[in-house]
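Here the structure comes first, spelled out in structure tokens, and everything after it is commentary.
The values are calculated or read from the model by the stated rules, or taken from the named source; none is laboratory data. Since the structure is predicted, the reported quantities are computational estimates derived from the model, not experimental observations. So basically every Cβ, Gly included, is an ideal-geometry build from the backbone, and we count neighbours across all protein chains shown.
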Amino acid sequence: MIFCIGNNIISSLGFSTKENYEAVLKGQIGLSLHENTFGIIEPFFASLIDDERLDKELVFNFKDEDLSSFTRFEKLLLLSVKRANDEAKINLHDKNTLFILSTTKGNVSYLSDDMDERVYLWHSAKKMVSFFGNENEPLVISNACISGAAAQIEALRLIENNYYDNCVVVGADVLSKFVVSGFQSFKALSQEQCKPFDKNRHGLNLGEAAATIIYSKMGKKANNISLVNGAIRNDARHISAPSIEAEGLYNCLVAITENIDKDDIAFINAHGTATIYNDEMEALALNRIALQHIPTNSLKAHFGHTLGAAALLESIISMQALTDRKILKSTNCIEVGAKHDINVSKEIINTDKNMFIKMVSGFGGSNAALLFKINDTNTVNEEVQSDDLKVDLEVIVKGVLKDNVIYINDVKYVLEDVPGNILDNFYRKEHISYPKFFKMDNLCKVGFIVSELMFREVSFDTEIPKKDMAIILCNRSSSSDDDLLYLRSINDKDNYFPSPSVFVYTLPNIVTGEIAIRNKILGESSFYVSERHSEEMILRQVRNVLQPKSVKYVLFGWVESLKGKYEVELTLVKKILTKI
């Protein structure tokens, strides 16, 4: 377990955790109707951070600092980290402290054909750590809506395995024409305040936020909240819709609750987006694991869906509630509307129980669940038990694509430069049978082709569900190719046509979802964004992912597609346990 020693929330409801939590207790809602905002004709409900107050807070907190080179998104990161560390009081430039950034679109509002360096997620992270004097390369996780949960799980693994003493986990996203129009294209936004789990719910609202949790291997005070466990699982079902079996979320819940007394769970903080199918899926997952009787709430009616900040913000509010011995209500839920039983909390009630669960799901078939616990006394973390076993990696197959040449182990394939899409032509030439391939973007196509040839080489059966396999991928440009393609569909006022089939691919983790769906991979799937291809970094993640006994295989590596240039380096490994 790891301990929360400092946190902060910046949202439309306030600039501190205390201010936001008290606003929720009072039933305040940060959502409002916006018309002609960001140049979008269609009105939408959302929560936006007050820029006038933001400027004042920046002046107060960074009196002698020149922040002119930082974007609004980056200023929110700096301010949230600084406010969290006002409580934690750790040395932010210590070599034993790592920064982890969770975001979906970062500075996407600066996107142009010139590819301004500010749009790269790693660039914002690099500026942030440089500002605080930390020389460690930051981790950037862009795993759609579960990014904030994935970042916390990363902190748990890195601290428990003694890579670092502290992790500064910060998540943020800001709204823009790009983001709002994309969700509008999915017809996912409600024309009123969202109503999670209510029978008359009509969709989600978006929100802006920055949230930070500073985790440490040791608690500093009584009533510390600790992150005890976390799990990520893929549905292997659909890249933009929840699983009708709730398979991924159910598997997450199984993983985090197998060694606890479920009667000590005070409440469950759901993703609760107020979309018809997400809320139904969460109710089904709770029924499958027999937790449907536990009070469940959603905070989306207060903040909206804050994307890369969501799981962090909602974890912090839930931590405050558990410390306060309260179960918060699910605001705007008047009459529960779900096919499966779910105990939606409609009033604030007291609790004497010591745990809560945070659930979250997102595009790409991704799901995550976190288990938190309150500690009644000052606590020192125990060493993680290794069972005297060492994890070694056996390479099963490698796949490399560079300069339009693919190597699967020693077998060579050439992408012929002929008229048309060279990836489509190669697909046909190799007689691959998967019609959905032609709907994919190029990032997914290159990842799919190389992984397909790898699995073919070792005769892996694509029809057998694989709960024991994970996918860990990384690149430099995130989804920049698709971002540019989508931008062109909304830039021209006279030809404004935001396309959901393009927008869904503006999330880099979709490539992990496509590979998972094709091969029925039900294990963990995560996507990182890094300035360079760091084998050391990704191997560390692979070893951490392989620690649970249930995980035996990992497909990992680098998948890049930018302006017609492709670079892929994938490896499939098997876990080998040897006695120390």
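The table that follows gives values for the structure above.
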{"read-out": "Meets criteria (of a type in the set (A, V, I, L, M, F, W, C), part of a helix (DSSP H, G or I) and outside the structural domain of Ser147 (by TED's automatic domain parsing)) for Leu484", "value": "yes"}
{"read-out": "In region 364-415, residue nearest to Arg428 (Cα to Cα) [restricted to those that are at pLDDT 75 or above and not in a strand (DSSP E or B)]", "value": "Leu415"}
{"read-out": "Residues of region 284-310 that turn out to be closer than 22 Å to Ser80 by Cβ and basic (Lys, Arg), as a count", "value": "1"}
{"read-out": "Filter result for the condition that a residue is within 25 Å of Ile5 (Cα to Cα) and within 24 Å of the chain's Cα centre (by Cα), over Lys89, Lys95, Lys82", "value": "Lys82"}
{"read-out": "Every residue from region 555-569 that is in a strand (DSSP E or B) and over 16 Å from Val545 (Cα atoms)", "value": "Trp558, Val559, Glu560, Ser561, Leu562, Lys565, Tyr566, Glu567, Val568, Glu569"}
{"read-out": "Residue within region 203-226 that is touching a Ser or Thr at 6+ places or on another chain (Cβ under 6 Å) and among the hydroxyl-bearing types (Ser, Thr, Tyr) present", "value": "yes"}
{"read-out": "Sole residue being closer than 21 Å to Arg237 by Cβ, among the aliphatic types (A, V, I, L, M) and either assigned to a helix (DSSP H, G or I) or touching a residue at least 12 places away in the same chain (Cβ under 8 Å) (or both), chosen from Ile490, Ile464", "value": "Ile464"}
{"read-out": "Residue match in region 36-55 (condition: farther than 30 Å from Gln184 by Cα and among the hydrophobic types (A, V, I, L, M, F, W, C))", "value": "no"}
{"read-out": "Per-region count, region 565-576, residues over 11 Å from Gly399 (Cα atoms) and touching a residue at least 24 places away in the same chain (Cβ under 8 Å)", "value": "5"}
{"read-out": "Looking only at region 347-370, and only at residues there that are under 26 Å from the mean Cα position of the chain (by Cα) and aliphatic (A, V, I, L, M), the one that is farthest from Val228 (Cα to Cα)", "value": "Val360"}
{"read-out": "Any chance Leu54 is crowded, with 21+ Cβ neighbours inside 10 Å, out of contact with any Gly (no Cβ under 8 Å at 6 or more places or on another chain) and in the same structural domain as Gly207 (by TED's automatic domain parsing)", "value": "no"}
{"read-out": "Failed condition for Phe503, given (1) surrounded by fewer than 16 Cβ atoms within 10 Å (Cβ to Cβ); (2) over 24 Å from Ala470 (Cβ atoms)", "value": "(1)"}
{"read-out": "Near pairs, Cβ below 6 angstrom, 6+ apart or cross-chain, from region 297-317 (assigned by TED's automatic domain parsing to the domain that holds His202 and touching a residue at least 40 places away in the same chain (Cβ under 8 Å)) to any residue that is among the aromatic types (Phe, Trp, Tyr) and in a helix (DSSP H, G or I)", "value": "Ile317/Tyr21"}
{"read-out": "Residues that are in a strand (DSSP E or B) and under 12 Å from Cys474 (Cβ atoms), drawn from region 529-554", "value": "Val529"}
{"read-out": "Residue ID - farthest from Leu572 (Cα to Cα), chosen from residues in region 445-461 that are part of a helix (DSSP H, G or I) and of a type in the set (A, V, I, L, M, F, W, C)", "value": "Val446"}
{"read-out": "Strands (runs of 3 or more DSSP E) lying entirely in region 1-54 (those with 2 or more residues that are over 24 Å from Ile214 (Cα atoms) and at pLDDT 95 or above)", "value": "32-34, 44-47"}
{"read-out": "Residue satisfying condition, being over 20 Å from Phe448 (Cα atoms) and acidic (Asp, Glu), within set Glu514, Glu560, Glu536", "value": "Glu536"}
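Here is a yes/no grid of residues against (1) touching a Pro at 6+ places or on another chain (Cβ under 8 Å); (2) crowded, with 20+ Cβ neighbours inside 10 Å:
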site	(1), (2)
Ile464	no, no
Ala470	no, yes
Asp483	no, yes
Ala516	no, yes
Val529	yes, yes
Gly557	no, yes
Lys563	no, no
